[in-house]
Amino acid sequence: MQPSEGNTSLSSPENPHLDPQPLNSETQFSAPPVTYSLPPVEALPPPAPQAGENPVWSGWDVLLIAALTLGTIFLVQLILILVSLRFVYPHENWVEVAQKPGLALLSELLAYAVVAVYMILLVEGKYQVRFWPAIRWNWPRSVWPWLGMGVLLFVVLSFLGRLLPMPESTPFEQFFKHPIDAYLTSVFAVTLGPLMEEVFFRGFLYPVLARRVGVTWGIFLTALPFGLMHMFEYGYAWGIVLLIFLVGVVCTAVRASTGSVAASFLVHVAYNATDMLLIGAATGGFRHMEKAAIMIGRFLH
């Protein structure tokens, strides 16, 4: 069938615009650019510090400090005993020399010096942070409330101690047999003793435990070894250990609530100082040691 002359084919030359056009690879398609108007972005505030404890050291570091303390005290005391047997007490046996209060205090002093150096090197050398801010040694605005709390704590626990079974004597009494030993013990009890105990228990141990198990359990688990470590010197008397545990609870609670090891240190010092002052007053300046005064002194730690 032939198309009529009056009809024009869609693909005929008379309709060139309707014929399919070959695609040109060089043909470019352009669209008008689309612009978006964004609101100005303000600088974000720095993230707030995380609440709770976040020490730079680990629990393994704390265990190493504890092991170093025990091992150093044992080693130093053994060396001092051997030296004393050779040059100072050649006619006494090693048991008698080991029970010398002055020798025990000297061994603790030397061991604490070694441990203190290690603590500082650990924090400032390994972790590259300043020691005192890292352990939260922040002096409170006023020292008197915390000193008063230590005195009040001693009074309360003294009354509580009357309700608990107490031994007739303890190994700790040997530190008060002679005036010179009593004076040395008193100085140690209000200076280096509470300082090192607070730095370790409230400065190093508590923040690790609080980070792991929370504040409440952190307080309990910090006070527990604090009380148990005094068992030997008090003849494993559970009543005295319980009182010392309660001292640890109060000191750790102060550390947790204030964020200050210095505050718990002041409570600890005031507690010990009250004990020492009462013993000194009752014995005429440690010249006439009596059983009643020793019973007060057994709460010292």
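Values quoted throughout were computed directly from the atomic coordinates according to the rules given, and no laboratory measurement underlies them. Here the structure is a predicted model, which is why all the values come from computation and not from measurement. Cβ placement follows ideal geometry from the backbone for every residue including glycine, while neighbour counts extend to all protein chains displayed.
What number comes out for the charge environment of THR69, summing +1 per Lys or Arg and -1 per Asp or Glu over other residues with Cβ under 11 Å away?
-2
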Distance (nanometres) between label positions extended 7 Å along Cα→Cβ at SER169 and ALA282: 1.7 nm
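Can you give the net charge of the other residues whose Cβ lies under 14 Å from the Cβ of VAL156, counting K and R as +1 and D and E as -1?
0
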Rounded, prolate or oblate (a/c below 1.5 giving rounded, otherwise prolate when a/b exceeds b/c) for the range 55-131 by Cα gyration tensor: prolate
Local electrostatic count, TYR89, Cβ distance below 12 Å [Lys/Arg +1, Asp/Glu -1]: 0
Label-point gap, in nm, between TRP94 and LEU78 - each point 7 angstrom along Cα→Cβ: 0.9 nm
